[in-house]
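Written out below as C-alpha cells is the structure these notes cover.
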C-alpha cells in the first residue's frame, strides 16, 4: 500500500535539489577564485643587514642601510632606514610610499629629494621601487636613477633587496640581504 504525502510535492523537492546544487557550485567557484588570487608578500618588520650574505659594490655602502623598519599596511608603505655615512656619521630617514603606482616624493637627509613609484610584481611576491634622486655634491646637483626590488629569498627566511643605481659617473649594483629581528 502506498502512502501519499502532501507535505513535499515532487516539484518542490526537485526545485530544492536544483537550488542546493546551484548554491554548492557558486560556493565552490567563489572559493576557487578567492584562493587563486595571489597573496601579497608582507615586508613589515625590523630588519638588520646580514653583511655575510650581502654584496655591496664599491661606493655602494652609502645605499646599504644597516637596519630598516618597514611598515606595510593596506596601500601604504613606510621604510625607516638607518646607516653610517662615508664620513662615519650615523643617519636615519623615513620614506613614505603608496602601493598604487602613484608618484611619491620624499626628502632624505634634509637636502636630498627622491621621487618614486612603487609597483607589485604580477605574482605579488616582489615590490619594485623606481626612484629618481637629486642631491648636491661639491656644489653640483647630481641625479641618480635607482631601482630597488624587494623580495624574500627562496627559503623565505631573509629579505633580499636588489639595488641598481645609474649616474653620469657610472652604475652600481648592490644585493642586500636582511634578517628579521
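The values are calculated or read from the model by the stated rules, or taken from the named source; none is laboratory data. Since this is a predicted model, take the numbers as computed values, not measurements. All Cβ positions, glycine included, derive from the backbone under ideal geometry; neighbour counts span all protein chains shown.
Before we move on, is residue 167 modelled with pLDDT under 95, under 22 Å from residue 51 (Cα atoms) and in the same structural domain as residue 59 (by TED's automatic domain parsing)?
No: the conditions fail for residue 167.
For every residue, the table says whether it meets (1) at pLDDT 95 or above; (2) out of contact with any strand residue (DSSP E or B) (no Cβ under 8 Å at 6 or more places or on another chain); (3) closer than 21 Å to residue 39 by Cα; (4) surrounded by 13 or more Cβ atoms within 10 Å (Cβ to Cβ).
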position: 69; (1), (2), (3), (4): yes, no, no, yes
position: 92; (1), (2), (3), (4): no, no, no, yes
position: 101; (1), (2), (3), (4): no, no, yes, no
position: 112; (1), (2), (3), (4): no, no, no, yes
position: 136; (1), (2), (3), (4): no, no, no, no
### Query
Does residue 19 satisfy the criteria of being in contact with a strand residue (DSSP E or B) (Cβ under 9 Å, 6 or more places away or on another chain), part of a helix (DSSP H, G or I) and modelled with pLDDT under 95?
no
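Given segment 70-150, what strands (runs of 3 or more DSSP E) lie entirely inside it while holding 3 or more residues that are outside the structural domain of residue 56 (by TED's automatic domain parsing)? Show your work before the answer.
Details: elements: 76-84, 90-98, 104-108, 112-120, 126-137.
Because the criterion is at least 3 residues that are outside the structural domain of residue 56 (by TED's automatic domain parsing), no strands (runs of 3 or more DSSP E) in segment 70-150 meet it.
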### Task
Write out, first by first residue and then by second, each pair whose Cβ atoms fall under 8 Å of each other, whose residues are 6+ apart or on separate chains, and whose first residue, in segment 89-109, is more than 16 Å from residue 74 (Cα to Cα) while the second is part of a loop (DSSP other than H, G, I, E, B).
91/85; 91/109; 93/109
### Query
Being closer than 21 Å to residue 42 by Cα, free of Cβ contacts under 8 Å to residues at least 60 places away in the same chain and surrounded by fewer than 17 Cβ atoms within 10 Å (Cβ to Cβ), is that true of even one residue in segment 57-64?
no
